[in-house]
Amino acid sequence: MVPSAKVFFDEVRTAYAPTADVLGLTGPEETERVMPSAHYKGPTVEYWISLDYSEGTVGCSVELEADTYLLTVDIEPLAITAGVVERRGGISFSARNLKQLRKSLQGQADYVQRVHPFLIGADAAQELMRQAGARMWSKGGTP
């Protein structure tokens, strides 16, 4: 059974607290609008962690703010493009039970720590995000 939103938020805080401290991120801000999600924010980058009840998965996406648009991409392709991991499948996304959720969150938090240094310089970060297949959204909310 997929963990509840309360359990999800508790586990996100536990898994991401060391990462947030090391990287100087604020958060988490938590919401249950469409699905439970929590996000941590740096000066120009945000990390969104979401629980998908229907799929029984948890994911982490990266959002980079530019002047007039936002770039978003999932953490695994970004880590591969940055060269901090060699191939897909190095982390889990499963959240069908508490043990799987914890493993997935911990692996994804580790990837956040690995890619964050590449997201500091604005121009280089934007290029890396694009190379990783990022989607571009105008700040008005439409692609």
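Every read-out reported here was derived from the displayed coordinates using simple, explicitly stated rules and does not represent laboratory data. What you see is a predicted model, and the numbers here were worked out from it, not measured in a lab. Every residue, glycine among them, receives a Cβ derived from its backbone with ideal geometry; neighbour counts consider all protein chains shown.
How large are Rg and Dmax for the chain when only the alpha carbon atoms are used, in Å?
14.4, 43
Using only helices, what value at 222 nm comes out for the chain when you add -39,500 (n - 2.57) per DSSP H run of length 4 or more and divide by the total residues, to the nearest 500 deg cm²/dmol? If you can, show how the numbers build up before the last one.
Working: 4 runs with 55 residues, N = 143.
Roughly -12500 deg cm²/dmol at 222 nm, from the helical runs in the chain.
If you take the charge dipole of the chain about its Cα centre, with +1 on Lys and Arg Cβ and -1 on Asp and Glu Cβ, which of Gln126, Cys60, Phe8 is farthest toward its positive end?
Most positive-ward Cα: Phe8.
Scanning the chain for helices, which whole DSSP H stretches are 30 Å or more long along the axis (Cα) and average 1.0 or more by Kyte-Doolittle?
Working: long enough: none.
Qualifying helices, which must be both long enough and hydrophobic enough, do not occur.
Setting aside same-chain residues fewer than 8 positions from Lys6, which lysines have a Cα under 27 Å from its Cα?
Lys41, Lys99, Lys103
Using only alpha carbon positions, build the gyration tensor of the range 1-58, then give the equivalent ellipsoid semi-axes as the square roots of 5 times its eigenvalues, largest first, whole angstrom. Present the calculation step by step, with values, prior to reporting the outcome.
Numbers: eigenvalues 90, 28, 15 Å².
Square roots of five times the eigenvalues give 21, 12, 9 Å.
Determine, from the Cβ-Cβ distance of Thr72 and Glu30 and an R0 of 22 Å, the FRET efficiency 1/(1 + (r/R0)^6), rounded to the nearest 0.05.
Values: r = 19 Å, r/R0 = 0.85.
That gives a FRET efficiency of 0.70.
For the residue pair Ser54 and Val22, what label-to-label distance in nm results when each label sits 7 Å from Cα along the Cα-to-beta-carbon direction?
Label-label distance for Ser54 and Val22, simple model: 3.5 nm.
How large is the dipole of the chain about the Cα centre if only Lys and Arg carry +1 and Asp and Glu carry -1, each at its Cβ, rounded to the nearest 20 debye?
On the way: 14 positive and 18 negative charges, 83 e Å.
Dipole magnitude for the chain comes out near 400 debye.
How far is the Cα center of the range 25-100 from the Cα center of the range 106-140, in Å?
With the range 25-100 and the range 106-140 each reduced to a Cα centre, they are spaced 11 Å.
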